[in-house]
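Okay, structure first, notes after.
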Amino acid sequence: MTRSLILIIALTLSACATPPTPQPTAAAPAATAPASTVTPTQKVAPTSAAAPRASTPSSQLNSAGNVPSVVPSCPTDVSTPLFNTSPIDINDFIAFRPLGFLSHPIHVFPAKHSAFSMTLPGQKAVAKPVKAPGKVWVVEIWEATFSTGGANYQVFVYPCREVRVYFGHVATLSEKMIAEFKKGEPKCNSFADGTATVTTCRRENMTLTLEAGEPFGAGPDSAGVDFGVIDVRRKPAGFIVPEHYDSFYPYYASPLDYFTPEVKKVLESKTGNVFGTKMRTAEPIGGTYMQDVAGTAQGNWFPPGKYHRNSTDLSPMMSLVHDYTDPTQPILSVGTSVQGTKAGLYSFKIEKEGVINRDFNEVKADGKTYCYENFASGQSAGGVPLNTTQGVFLVTLPGATTLKMEFVAGASCKAASALTANAAVFER
């Protein structure tokens, strides 16, 4: 087993981060999509479901990031641009990935961050400068190193107090950043992954200023550079049960919304799938990671008691959503909880009537059993491999916030029977 596979655990919880131990983000692998980036992480215990929450997202954001007092408050108007420079030069990346990317085992749910796609399959990553998108204050740097050689970084910055920004899969840092990193004592942890010893070090309470366009490193270490934005000024995304997510999960936003019109227009022209072969044309161009529709099957689903907030393993989860590049394409993002089938992405042609291959927002708690079959092969519109299988998925909603799914091997929807005790149970 490769180091990449061993290290891919649920890392996406960390970028918003309130837990005291770091859990760097990682892009999920895809066999025929651009090779995935993997940010090493330390082994951590899941945070408690009953962990205390701050009184307001803003105060928790400031506390979690230890925002220096010199960082000014953000404009009240969230439409005011904060950035005027693309972090990666326009000729140095293939595509800008919108929110909502799906790829197992990390992105079972639509991804809450964007990314610059920079390396095609079979190609070696070529690191390009990563620049500050505007005037920002660096408050945290996470470094991961291997006993066999190599390192990569995740950088957290603030353009203003209520907006937290991070860059992942940065291969190297500038001398200025390294010097600042070495000024203090980082919090480190090491573990063996079976092929090497991995050490992660987190340096906090930094006050380093970067001017707009100033290079602070180079990337990617593999497929691309992640770019995430948390903005607690915004109305939280409408997840059905927000308590099942960490406190900042509902506050992610597309980075496109923070650029001046000129830069935004250029980035939008390259916003699409990981290969840069299909652009997103549906609004919002920056994509969406929240697809829950109340009272229907559409959206994110959890095994009972195992939630985003209290688990670092997202692989048992499931989402019934739509592609991040072409939102007309339905995707069953099936995790490991459904017996008898392979975890991954499944797509199909939507039917307008009946109980076979209906769009997820048409599946309701109406006592009916819905069935999915005849799955598409190849890749999703987003460029991620699709699973095919000889069998069907049966789905029913016993209630507005409960879903049951069962895979029936070798069956067709016309021949499939009702769900059995083997059905997996999910909740919002």
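Every read-out reported here was derived from the displayed coordinates using simple, explicitly stated rules and does not represent laboratory data. Computed from a predicted structure; not experimentally measured. Glycine gets a Cβ as well: all are built from the backbone with ideal geometry, and neighbour counts include every protein chain shown.
Structure notes:
- Mean-position separation - Cα centroids, segment 370-428 and segment 136-150, in angstrom: 41 Å
- Centre separation in Å (Cα based) which lies between segment 279-294 and segment 332-353: 20 Å
- Within-11-Å neighbourhood charge of residue 420 [Cβ basis; K, R +1; D, E -1]: 0
- Cα-based reach from residue 364 at 12 Å (exclusive), listing aspartates and glutamates while leaving out same-chain residues under 8 positions away: none
- Database remark: amide H of residue 318 closer than 5 angstrom to the amide H of 301 (H placed geometrically; neighbours at sequence offset of 5 or more, or on other chains; Pro and chain starts carry no H).
- Sequence of 362, 143 once ranked by neighbouring C-beta atoms within 10 Å, starting from the fewest: 362, 143
- Taking the centroid of alpha carbons for each part, segment 189-264 and segment 66-86 are 15 Å apart.
- Using the Karplus relation 6.51 cos²θ - 1.76 cosθ + 1.60 with θ = phi - 60°, the per-residue 3J(HN,Hα) values for segment 110-116 come to x, 5, 8, 10, 9, 6, 8 Hz, with x marking Gly and Pro.
- The stretch between residue 349 and residue 185, if pulled fully straight at 0.36 nm per residue, gains 53.5 nm over its current Cα-Cα span.
- Taking amide H as placed 1.01 Å from N in the peptide plane, the amide H of residue 380 sits under 5 Å from that of 386, each at least 5 places away or on another chain.
- Among 142, 301, 137, sorting on how many other beta-carbon atoms sit within 10 Å of each Cβ, with the fewest leading, yields 137, 301, 142.
- Too-long pairs where the Cα-Cα distance tops 28 Å, listed order kept, from 135/270; 264/349; 183/265; 128/176; 182/270: 264/349; 183/265; 182/270
- Ascending count of other beta-carbon atoms within 10 Å, so fewest first, for 234, 97, 161: 234, 161, 97
- Sequence-ordered 3J(HN,Hα) estimates for segment 394-411 from the Karplus curve with 6.51, -1.76 and 1.60 and θ = phi - 60° stand at 9, 9, 8, 10, x, x, 5, 10, 10, 9, 10, 9, 9, 9, 10, 5, x, 9 Hz, glycine and proline given as x.
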